[in-house]
Amino acid sequence: MKAIQGILALLFVLSSNLLYAQKPGNDIKVKIEKVENSLSPSVIKGSDQVPNNNILDRMKQLNVKGVSIAVINNYKIEWVKAYGYADEEENRKADVNTLFQAASISKSINSLGFMKLVQLGKIDLDQDINHYLKSWKFPYDSVSKNKIITSRNLLSHSGGLGVSGFAGYERTATIPDIVQVLNGTYPANSKAVRAIKEPGIAFDYSGGGSVISQLILIETAGEKYEDFMKREVFEPLQMAHSRYTVKNDTLNIASGYYADGKKVKGKYHLYPEYAAAGLWTTPTDLAKYMIECQLALQGKSAKVLSKKYMEERFKPVVDYDKSKVALGVFHRYKNGAYYFNHNGGNEGFTCASYGSLDKGYGVVVMTNSNSQELMLEICNSVARVYNWDRFFVPQFAK
């Protein structure tokens, strides 16, 4: 009887903690309110004072219909909150479970899955990509100067490849397969993925290279991309809302809007380029990914990758401006400090993610708007309120 009572007491404590975690305390509520009222650009024009703008006011000014935020503190998701509309015309409010397009943040998640195959010994990061490609081979020519392109090049945008991004497809359009995308043939609406310079010498952002990595993953794993990613990434990290296909009539998904406030035709575009731009997810799910990166780098978790392979994933390959590019990860330079980062922009969607490399804090912001200003101002606000190291150092311009 005492054993049963002990179990019941333990269950009560656990359930109480869960309820408490779901309802932020007063100190967190104060932080949320400060974040909501401390928005500022990094470059402040026409003033010598840092503004403290309100999030709802800025949403209205910038025609941003919906915003969703997750804040990480001390290696935990401290709070999540959504604002505005998933679809204004349908009067559907955004909530913390509303799916947004992750756009190029898809590349970070892709690299995590890809590195799982590296950890399993199925892919050598420094082997010629054509060693793994079966249904399609990269057509080397004189531009590559007899140098091979490797998976390390693909994931770090150092392969000397073109096709920086993709426009997506209207939902009623014929959707190309991966080989058609890579060859730039109908019904693909992008150019062929080809060499624009020799590999390994410079940073050239290439969503096309990410699609090559998608095909390598599929043909190495021997299964659908989405099935592999669900089993090896989403399920271990409990990214329960993440997916690559959606059905508009059954899911809580956001419609995309342009910077002028007009809705994307058909609500959103489809992206068969899953690895480069095709992920649908929430800030909560992306925050779980970021926390796993932070913990794995310290050897405190290995839900997808061990410390060794997470460190390999974070190892810089090529420089870009003052930042450094690793495998699906940017080390973004911020006034003397580095944060791991990836931002994204699809038709009608923008998003941003920044995380500390060694202090357990971060933020994810997702919007259904093409305006980038708001998401960056929110990141600045979180950094101000939580006193992040050198993230927000305002510059004043006349």
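Values computed for the structure shown
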{"quantity": "Counted charge near Val67, where neighbours are those whose Cβ lies closer than 15 Å (Asp, Glu -1; Lys, Arg +1)", "calculated": "-1"}
{"quantity": "Cleavage-rule hits (trypsin sites (Lys or Arg not before Pro)) in the range 192-247: DSSP loop, at most 15 neighbouring Cβ within 10 angstrom", "calculated": "Lys197, Lys224, Lys247"}
{"quantity": "Relative packing of peptides 124-132, 102-110, 341-349, 165-173 - highest average C-beta neighbours within 10 Å first", "calculated": "102-110, 341-349, 165-173, 124-132"}
{"quantity": "Cross-link pairs Lys147/Lys307; Lys29/Lys60; Lys31/Lys81 - those with Cα-Cα distance over 21 Å", "calculated": "Lys147/Lys307; Lys29/Lys60"}
{"quantity": "Filter on Lys262/Lys334; Lys308/Lys359; Lys34/Lys262; Lys107/Lys334; Lys122/Lys145 - keep pairs with C-alpha separation over 25 Å", "calculated": "Lys262/Lys334; Lys34/Lys262; Lys122/Lys145"}
{"quantity": "Environment charge of Thr150, counting only residues whose C-beta is closer than 11 Å and scoring Lys/Arg +1, Asp/Glu -1", "calculated": "-1"}
{"quantity": "Rough spin-label spacing in nm, given labels placed 7 Å along Cα→Cβ, for Asp177 and Asn146", "calculated": "3.6 nm"}
{"quantity": "Cross-link table Lys65/Lys265; Lys65/Lys267; Lys76/Lys303, entries beyond 20 Å C-alpha to C-alpha", "calculated": "none"}
{"quantity": "Charge tally in the Cβ shell below 15 Å around Asp389, where Lys, Arg are +1 and Asp, Glu are -1, Asp389 excluded", "calculated": "+4"}
{"quantity": "Computed [θ] at 222 nm, deg cm²/dmol, the chain (DSSP H ≥ 4; -39,500 (n - 2.57); rounded to nearest 500)", "calculated": "-9500 deg cm²/dmol"}
{"quantity": "Relative exposure of Lys93, Lys300, Lys398, judged by other C-beta atoms within 10 Å (fewest first)", "calculated": "Lys398, Lys300, Lys93"}
{"quantity": "Cβ-based exposure ranking for Ser213, Ser164, in which fewest neighbours within 10 Å come first", "calculated": "Ser164, Ser213"}
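Every number here is computed from the coordinates shown, using simple stated rules; none is lab data. Since the model is a prediction, treat every value here as computed from it, not as a measurement. With ideal geometry, Cβ positions are generated from the backbone for all residues, glycine too; neighbour counts draw on all protein chains shown.
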